[in-house]
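Worksheet for the structure shown next.
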Amino acid sequence: MSSASTILKENHLSKWIALAAIVLLTVCTRYYKVTEPDHVCWDETHFGKMGSWYINRTFFFDVHPPLGKMLIGLSGYLTGYEGTYSFEKPGDKYNGTRYEGMRYFCTTLGALVIPMAFDTVHKMSQSCEAALMSSLYLIFDVGLITLNQYILLDPILLFFMTASVWGMAKTSIITKEQASYTGYWWFWLFFTGTMLACCTSVKFVGLFAVFLVGVYTIHELWILLGDIKRPIVETVKQMLFRALALILWPILLYVVFFYIHLEVLNRSGNGDGFYSSAFQSRLVGNSLYNAKMPRDVAYGSIVTIKNHRTGGGYLHSHFHLYPKGTGARQQQVTTYTHKDDNNKWLIKPFNKAGYTEMKFVSHGDLIRLEHVATRRNLHSHGEQAPVTKRHRQVTGYGQQGHGDSNDIWRVFSVEARINESIKTVTTKFLLIHYLQNCALTATGRQLPKWGFEQQEVSCNTNIRDKNAIWNVEENQNNKLPKVNLNVYASGFVAHFVESHAVMFQGNAGLKPKEGELTSRPWQWPINYRGQFFSGSSYRIYLLGNPIIWWSNIIFLIAFLIIYVIVSIKRRRLGCQCISKTCTETGVVFKYFLINLPRWLQHILIGAKISLLVYSFILFSPLAYGMIGPTSTDTSSAMYGLKWLKSWEF
């Protein structure tokens, strides 16, 4: 008993010594040169800018949930950053801007990944060597250092994902120790749920952590159900309490984060146009906020017309023509998601140049729409649309408001009430071409550079297309009485649902721009290509430590082989043939060492650590900055290290 107690104390001491060494190495590698370079690096131009918008309470659109960006903004605010820097483009000097706090915040969360990973591996393997080696793999990965040191969502997401797995491991161990329902158990269970909520609230890829914890929890519940020593009610209790902590609680937190997001961002910004007119009416400074304008739409009104699809833009035109080979070389008509004077259209009767009496536009009316800035009419004809070839082309046509019969459109209210006038904001309607019998449609497809990457507008013979529905947003007519539109503003639930619809559509529409360098998913795990974070004289290049990445792939393959072999042995020969090492630890390196003499184990562990340190020294300039000649020059510190042609440093 005394000997066992002594061994336990020694193991406990070894763990804390190893953890202290890991923390020291983490601090030294993560915070070294964290404020360099003192200019905007890579996606800092996006997330630094978004942090500024939170400080200024300016609304914007992004495809990711809000928590990570809110935390960046909060860290900047608490460390003296006033939200005034533009983060215009990579390479711009900070010039005294208090950016350091946001970098230190992101770096700190990234650094905390490593001690959490150490404790997770130790808890699950009961091996100090395994925990140490796993942590060193993280510490000496120069790519992870690069991701940690800048104003990005990645270190925040990695922190919450690692914390989720850490909480899962802690909860599992406590459950196996028959300590369920204690305060310690409840803490770690709700800690896990909180981290899962935070994962998903930073990026939707955080759902992979939710999936991992969910599968592991189902596995644990299945084991509990099969334990005949425990009553069935125990499994039911575990299932209910875990559903509370790991499903309902994270959902509640996720909604709360969005509520805070929408309450903070209450001022009009460049993201307004992605959202519905009702949504925009809550934003201070938006043309619809506390706005007074005519309730009814009349001839002679100057209006903006917004597509009613999720994330739909404004009907827009400009002086530029469609290029040769894309139908008639007439004026381009597009949808544009930002407010602009080129979004304004004058409503005219189809058969009159002027209008002396006030008349409302009603369901079934024939009208012409004249683009205010260019004096050309909204027009369609039999030519193919530029991108969606089965649709017809929509153009701006004519001179000084005069065109031809292909400029005539019929207003068709979705509610289809005869003689009812079109209302500002609330009436949904279609514009049906009088001669072609097709509906004005926002296809959602992006035009090439000649169309300034705005969205295509076409005329679709399928008049039931949901993307052919529009509403009038702004309505200017000095001859009509004005009413306050705030009564049509929507509430939080509608805002929450619409925010997600716009985000999902934005994610679905993401695609590389023309000429943009891209990579394939199969290239990511093999470290095939990196990414410049900073160019010019001070170069930062995101690339994983190849020794770490490639050896990790080897260990993953070895694990799969070992797992299959052990499973076959267990099935054919029974559990008696399986060693304790096979069943209790999935750490492959320890598996290979366990039956070797202790002195040889130490030599191999030391050799592996030495290799990790040496590879870190070789490739560390990628993370900490390369100055001087490139890797092709014999005097460069990186000379000879471009092992793959696809590496660009």
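The values are calculated or read from the model by the stated rules, or taken from the named source; none is laboratory data. Note that the coordinates shown come from a computational prediction; the quantities given were computed from them, not determined experimentally. Neighbour counts are summed over all protein chains in view; Cβ atoms, including those assigned to glycine, are modelled from backbone coordinates with ideal geometry. All accessible areas refer to the heavy atoms of the entire protein, side chains included, with ligands and DNA or RNA removed. Shrake-Rupley method; radii C 1.70, N 1.55, O 1.52, S 1.80 Å.
Among the residues of region 71-99, those that are in contact with a Phe, Trp or Tyr (Cβ under 9 Å, 6 or more places away or on another chain) and open to solvent by 60 Å² or more (accessible area, probe 1.4 Å) comprise Leu74, Tyr77, Leu78, Pro90, Asn95, Arg98.
Yes/no per residue for (1) without any contact (Cβ under 8 Å) to a residue 60 or more places away in the chain; (2) touching a helix residue (DSSP H, G or I) at 6+ places or on another chain (Cβ under 6 Å); (3) open to solvent by 20 Å² or more (accessible area, probe 1.4 Å):
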site: Pro323; (1), (2), (3): no, yes, yes
site: Asp341; (1), (2), (3): yes, no, yes
site: Leu346; (1), (2), (3): yes, no, yes
site: Pro349; (1), (2), (3): yes, no, no
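Note on region 402-412: among residues that are surrounded by 17 or more Cβ atoms within 10 Å (Cβ to Cβ) and not hydrophobic (A, V, I, L, M, F, W, C), the one that is farthest from Gln436 (Cα to Cα) is Gly403.
Scanning region 295-310 for residues that are farther than 30 Å from Asp404 by Cβ and in contact with a strand residue (DSSP E or B) (Cβ under 6 Å, 6 or more places away or on another chain) turns up at least one hit. Mind listing whichever residues of region 253-288 are among the hydrophobic types (A, V, I, L, M, F, W, C) and without any contact (Cβ under 8 Å) to a residue 40 or more places away in the chain? Val256, Val284, listed by residue number. Of all residues in region 84-102, those being within 22 Å of the chain's Cα centre (by Cα), in a loop (DSSP other than H, G, I, E, B) and not aromatic (Phe, Trp, Tyr) number 4.
Residues that are hydroxyl-bearing (Ser, Thr, Tyr) and surrounded by fewer than 21 Cβ atoms within 10 Å (Cβ to Cβ) are absent from region 273-286.
Out of (1) touching a Phe, Trp or Tyr at 6+ places or on another chain (Cβ under 6 Å); (2) open to solvent by less than 10 Å² (accessible area, probe 1.4 Å); (3) assigned to a loop (DSSP other than H, G, I, E, B), the odd one out for Gly48 is which? Every listed condition holds for Gly48 apart from (3). Being over 19 Å from Gly76 (Cβ atoms) and among the aliphatic types (A, V, I, L, M) narrows it down to one residue among Val202, Val121; which is it? Only one candidate passes the filter, namely Val121. The test for being at positive phi, out of contact with any Asp or Glu (no Cβ under 9 Å at 6 or more places or on another chain) and in contact (Cβ under 8 Å) with a residue 24 or more places away in the chain holds for Trp42. Within region 468-492, take every residue that is assigned to a helix (DSSP H, G or I) and either modelled with pLDDT of 95 or more or buried (at least 20 other Cβ atoms within 10 Å of the Cβ) (or both) and give me the one that is nearest to the chain's Cα centre (by Cα). For region 468-492, the residue satisfying everything is Ala468. When Gly73 is tested against the conditions (1) small (Gly, Ala, Ser); (2) assigned to a helix (DSSP H, G or I); (3) in contact (Cβ under 8 Å) with a residue 60 or more places away in the chain, the lone failure is (3). When Arg392, Arg376 are checked against the criterion of being touching a residue at least 60 places away in the same chain (Cβ under 8 Å), open to solvent by 20 Å² or more (accessible area, probe 1.4 Å) and within 20 Å of Gly327 (Cα to Cα), a single residue qualifies: Arg392. In region 413-426, the residues that are farther than 16 Å from Leu480 by Cβ and open to solvent by 50 Å² or more (accessible area, probe 1.4 Å) form no Cβ pair under 6 Å with any partner that is of a type in the set (A, V, I, L, M, F, W, C) and not in a loop (DSSP other than H, G, I, E, B), whether six or more places apart or across chains.
For Thr441, state whether it is touching a strand residue (DSSP E or B) at 6+ places or on another chain (Cβ under 7 Å), among the β-branched types (Val, Ile, Thr), surrounded by 14 or more Cβ atoms within 10 Å (Cβ to Cβ) and in a loop (DSSP other than H, G, I, E, B). Criteria not met by Thr441.
Conditions (1) in contact with a helix residue (DSSP H, G or I) (Cβ under 9 Å, 6 or more places away or on another chain); (2) closer than 23 Å to Gln149 by Cβ; (3) without any contact (Cβ under 8 Å) to a residue 24 or more places away in the chain, marked per residue:
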position: Asp465; (1), (2), (3): no, no, no
position: Pro481; (1), (2), (3): no, no, no
position: Ala489; (1), (2), (3): yes, no, no
position: Lys511; (1), (2), (3): no, no, no
position: Pro525; (1), (2), (3): yes, yes, no
position: Ser537; (1), (2), (3): no, yes, no
position: Ile540; (1), (2), (3): yes, yes, no
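Reported count of residues in region 557-576, each being assigned to a helix (DSSP H, G or I), open to solvent by less than 60 Å² (accessible area, probe 1.4 Å) and modelled with pLDDT under 80, is 0. Screening Tyr254, Tyr289 for residues that are aromatic (Phe, Trp, Tyr), over 19 Å from the mean Cα position of the chain (by Cα) and open to solvent by 20 Å² or more (accessible area, probe 1.4 Å) leaves exactly one candidate, Tyr289. Of the residues making up region 493-512, just one is of a type in the set (D, E, K, R) and either open to solvent by less than 50 Å² (accessible area, probe 1.4 Å) or under 25 Å from Val411 (Cβ atoms) (or both), namely Glu498. Within region 592-649, the set of residues being among the basic types (Lys, Arg) and open to solvent by 50 Å² or more (accessible area, probe 1.4 Å) comprises Arg598, Lys642, Lys645. Picking from residues in region 532-551 that are open to solvent by less than 70 Å² (accessible area, probe 1.4 Å), polar (S, T, N, Q) and within 21 Å of Ala637 (Cβ to Cβ), the one that is nearest to the chain's Cα centre (by Cα) is Ser534. One residue stands out among those in region 25-45 that are among the hydrophobic types (A, V, I, L, M, F, W, C) and in a loop (DSSP other than H, G, I, E, B): the one that is modelled with the lowest pLDDT, which is Trp42.
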